[in-house]
1. State the number of residues belonging to segment C:137-191 that are of a type in the set (Val, Ile, Thr) and either more than 16 Å from the chain's Cα centre (by Cα) or surrounded by fewer than 17 Cβ atoms within 10 Å (Cβ to Cβ) (or both).
2. For C:Val116, state whether it is among the aliphatic types (A, V, I, L, M), more than 27 Å from C:Thr68 (Cα to Cα) and within 12 Å of chain B (Cβ to nearest Cβ).
3. Looking at segment A:6-57, which of the residues that are of a type in the set (Ser, Thr, Tyr) and surrounded by fewer than 18 Cβ atoms within 10 Å (Cβ to Cβ) is farthest from A:Phe129 (Cα to Cα)?
4. Can you tell me which of (1) β-branched (Val, Ile, Thr); (2) surrounded by fewer than 24 Cβ atoms within 10 Å (Cβ to Cβ); (3) in contact (Cβ under 8 Å) with a residue 12 or more places away in the chain is the one C:Ile102 doesn't meet?
5. For segment B:59-76, which residues satisfy the criterion of being without any contact (Cβ under 8 Å) to a residue 40 or more places away in the chain and under 20 Å from B:Gly163 (Cα atoms)?
6. Tell me which residues, restricted to segment A:139-151, are within 16 Å of A:Gly168 (Cα to Cα) and surrounded by fewer than 19 Cβ atoms within 10 Å (Cβ to Cβ).
7. Among (1) touching a Gly at 6+ places or on another chain (Cβ under 9 Å); (2) touching a residue at least 24 places away in the same chain (Cβ under 8 Å), which single condition is B:Gly178 missing?
8. Mind checking whether some residue in segment B:100-107 is more than 18 Å from the chain's Cα centre (by Cα), more than 10 Å from chain A (Cβ to nearest Cβ) and in contact (Cβ under 8 Å) with a residue 40 or more places away in the chain?
Amino acid sequence: MALRTEELMLNMGPQHPSTHGVLRMVVTLDGENVVDVQPDIGYLHSSVEKMMENRTYLQNIALVDRGMDYLSAMANEEVWVLACERLGKIEVPERARYIRTIMLELQRISSHLIWLGTFGIDLGAFTAFLWAMRERERIMDLFESATGGRLHHVYFRIGGVFEDLPEGWTDRCEEFCDYFLDRLPEYDELLTGNPIFLARTQGVGVLPLDTAIAMGASGPVARASGLAYDVRKAHPYEVYERVEFDIPVRSEGDCYARYLVRLEEMRQSVRIIRQCLERLPAGEIRSKVAVTLRLPKGEVYARTESPRGDLGIYLVSDGADRPYRVKIRAPAFSNLYALTEMMRGWKVADVIAILGSIDIVLSDVDR
Amino acid sequence: MSWALAEKLKAAFPDVELFPRAGTEPAGTRDQGPGTGSGEQVTAAPESTPAAPRRPAHEVPPQYLTPGVYVPREKLLPVCTTLAGDPEFGLTYLSFVSAVDWPDRNELEVLYHLYSHQTRQELALKVRIPRDDAHIPSVSGVWDGANWHEREAYDLLGITFDGHPNLRRIMMTDDWVGHPLRKDYVYQDPPWLVEVAKERQKDAEGLGLGERV
Amino acid sequence: MPTEPQYVPRSQVLPLDKALEVIDALPGGGVILTKVEEVLNWGRAASIWPLTFGLACCAIEMMQAYATRFDMDRMGIIPRATPRQADCIIVAGRATIKIAPIVRRLWEQMPEPKYVISMGSCATCGGPFYYDNYSILKGIDQVIPVDVYVPGCPPRPEALIEGFLKLQDKIKKEPFLRRRIARAAAAATQA
């Protein structure tokens with residue numbers, strides 16, 4: 001007589017310390033093996049797209065900060081003002097474009113640091129969290145002195161940035177770059193060479209390249225699977241075409257590759273920031289744009305590379321002072337969809353590692 | 001961004017209709033191949049176009065800065081299969097699926113945005129469907145990633161995707177009434193929330209704010 | 001020869017419904033009770049264990065408050081991962097209508113005495129998500145009672161710490177034992 005086994009349904013979340021927010025996963029287990037994972041999202045759906053239809057273009061800057069991916073508020077502002085500027089054919093002064101690029105890269109580092117810290121916690125390395133937060137706090141200080149906000153900056157404006165950098169900011173930013181590059185080898189020591197970390201991540205949660213593309217994955221998740229695609233290179237915005245940087249690409253597609261890609265991205269971000277600081281021109285920071293801006297009728301799709309991937313906004317304007325329809329293409333939404341594919345066949349303990357490695361922000365998934 | 005793909009598609013499928021391109025530059029000037037900065041193009045655009053006479057906003061023809069085509073509903077699946085499968089197009093990456101609601105025209109425009117990592121070209125597809133008969137073939141068989149995007153469009157805009165493997169609400173609760181992103185949607189608190197809030201109000205009045213026995 | 005111990009209901013051994021009257025009638029009884037309460041409250045206030053439950057942006061500032069530089073651990077605030085071990089829930093961020101029942105259930109799962117800190121404008125009143133919105137709860141106090149409101153969007157970690165200090169004040173002033181005896185008495189008389 002064959003031994004009869006049954007599949008077990010396991011509910012993870014929405015309150016679970018390792019789901020990085022309010023994600024619920026229904027995991028079907030056969031013993032310890034994951035048969036199927038069904039993510040259940042929508043617990044943070046904030047109706048941003050509806051609200052944006054009822055706010056002016058300027059007001060929406062404050063909304064995209066909060067409503068979209070809150071770990072990278074600058075990236076949200078960037079994609080929104082980019083869409084508006086393209087449709088309205090609004091010029092951005094050189095200095096503002098450099099400042100924006102610096103801010104975007106600082107934001108990328110801070111977002112990746114949060115990811116690094118939480119990924120460390122997921123795998124039992126609490127020190128990584130404390131260290132990452134320590135570094136991030138320095139970036140928060142830089143943000144705060146330039147924009148006034150720690151998390152939500154409302155710093156970019158259509159046609160420029162809100163205010164010029166305060167005195168001595170560039171020196172402090174330079175200082176941070178030195179400091180941060182000194183700290184990065186510490187992470188290598190702590191995690192990259194850590195046998196426990198390697199055992200938990202290497203070869204775990206492999207996402208093949210063709211599956212990644214078919215599922216719409218982007219950003220570090222797709223780059224770790226071998227897709228050499230970065231919006232900053234493919235469709236440069238701001239001053240990315242004028243600075244030198246590399247796109248880290250790995251072919252393994254496992255958790256470890258995603259970790260390495262993000263770690264390298266932080267190094268590249270520092271490289272970009274340094275080049276921008278060097279070349280930062282003087283001059284205007286904002287072109288004249290009416291507060292009650294009316295964009296011409298039309299439609300545009302703007303895409304940027306947020307820390308999580310290909311972040312886009314499809315903007316439909318009917319000539320009024322507020323958008324007619326805004327569709328936010330959230331990178332984490334598509335990356336999370338690939339989760340089921342990554343998890344199938346792995347052990348239940350790997351669920352947390354795989355989920356942590358794709359770096360979702362539920363606000364970006366649900367909007 | 002290049003309209004070449006859209007024109008190629010038009011040649012293959014005469015039924016499709018290009019986005020109106022009045023007000024934009026002629027094709028070719030925008031087509032600068034992969035790797036050119038679209039950020040540059042924005043600044044370059046006002047210089048290259050002659051200054052148009054100022055007209056009231058409602059008279060200006062709309063600009064479509066993203067190349068795209070209108071596809072009839074019946075032709076959507078063959079068009080998509082060609083776009084994704086034919087190496088000539090190679091649009092293997094679906095950015096998103098969504099829709100725009102136009103109640104005055106009694107129309108929903110279902111919107112697909114496609115991208116090719118090889119040629120770095122993009123293409124938007126729009127399908128016009130009537131609001132009261134909002135159903136459309138699902139493309140989740142063509143691009144796997146469409147699955148959740150279509151669920152979202154079903155949830156928020158009330159479009160039924162025929163042949164979708166798992167068409168359930170994704171953002172809102174299963175018992176939600178209405179489709180919020182439609183322009184005529186009116187929000188109402190769900191009944192259980194009204195009840196709970198009333199109870200809480202009673203607690204607060206009876207015991208003083210925040211105090212419990 | 002030992003006799004069989006006879007079962008006496010607890011309410012008869014300790015007539016709880018009379019307990020408070022007896023204590024207050026004793027010379028200095030009320031003062032002693034208050035002093036005992038103070039000691040207990042001092043201990044409780046210095047070890048608030050919140051539930052790790054982050055909803056949105058404020059959760060990032062909450063994490064930062066637990067982490068380097070702000071380090072709330074030094075005030076005895078140690079995050080717990082399960083509601084059964086927690087005595088405080090920080091509603092950090094906007095709560096949707098979809099998650100409201102879950103927040104309510106988490107709150108119900110926490111043992112008494114329990115406290116709620118509403119962190120940020122969204123949890124307090126809907127905040128920036130008040131108008132034209134169909135999915136966000138306009139204040140978490142529609143669902144669970146809130147003890148401390150921390151304003152801000154998002155509040156800085158210092159603001160959250162201030163919120164905890166306020167909560168400590170509240171705990172220190174609470175007639176905790178008195179309330180507990182009264183509740184036990186009410187339960188005993190009902191049974």
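The values are calculated or read from the model by the stated rules, or taken from the named source; none is laboratory data. These figures come from a predicted structure and were not determined experimentally. Quick reminder, even Gly has a Cβ in these numbers, built from the backbone with ideal geometry, and neighbours come from all protein chains shown.
1. Step one: list which residues in segment C:137-191 are of a type in the set (Val, Ile, Thr), which gives C:140, C:143-144, C:146, C:148, C:150, C:161, C:171, C:181, C:189.
Subsequent filtering for residues that are either more than 16 Å from the chain's Cα centre (by Cα) or surrounded by fewer than 17 Cβ atoms within 10 Å (Cβ to Cβ) (or both) retains C:181, C:189.
The number of residues fulfilling the criteria is 2.
2. Values: among the aliphatic types (A, V, I, L, M): yes; more than 27 Å from C:Thr68 (Cα to Cα): no; within 12 Å of chain B (Cβ to nearest Cβ): yes.
The answer is no for C:Val116.
3. The initial filter retains those residues of segment A:6-57 that are of a type in the set (Ser, Thr, Tyr), namely A:18-19, A:28, A:43, A:46-47, A:56-57.
Now narrow it down to the ones that are surrounded by fewer than 18 Cβ atoms within 10 Å (Cβ to Cβ): A:28, A:56.
Values: A:Thr28: 30, A:Thr56: 39 Å.
Among those that are of a type in the set (Ser, Thr, Tyr) and surrounded by fewer than 18 Cβ atoms within 10 Å (Cβ to Cβ), it is A:Thr56.
4. C:Ile102 satisfies every listed condition except (3).
5. Going residue by residue through segment B:59-76, those that are without any contact (Cβ under 8 Å) to a residue 40 or more places away in the chain are B:59-60, B:74.
Correct list: B:Glu74 only.
6. Correct list: A:Asp141, A:Glu144, A:Ser145, A:Gly148.
7. (2)
8. Checked against the condition, which is being more than 18 Å from the chain's Cα centre (by Cα), more than 10 Å from chain A (Cβ to nearest Cβ) and in contact (Cβ under 8 Å) with a residue 40 or more places away in the chain, segment B:100-107 yields no hits at all.
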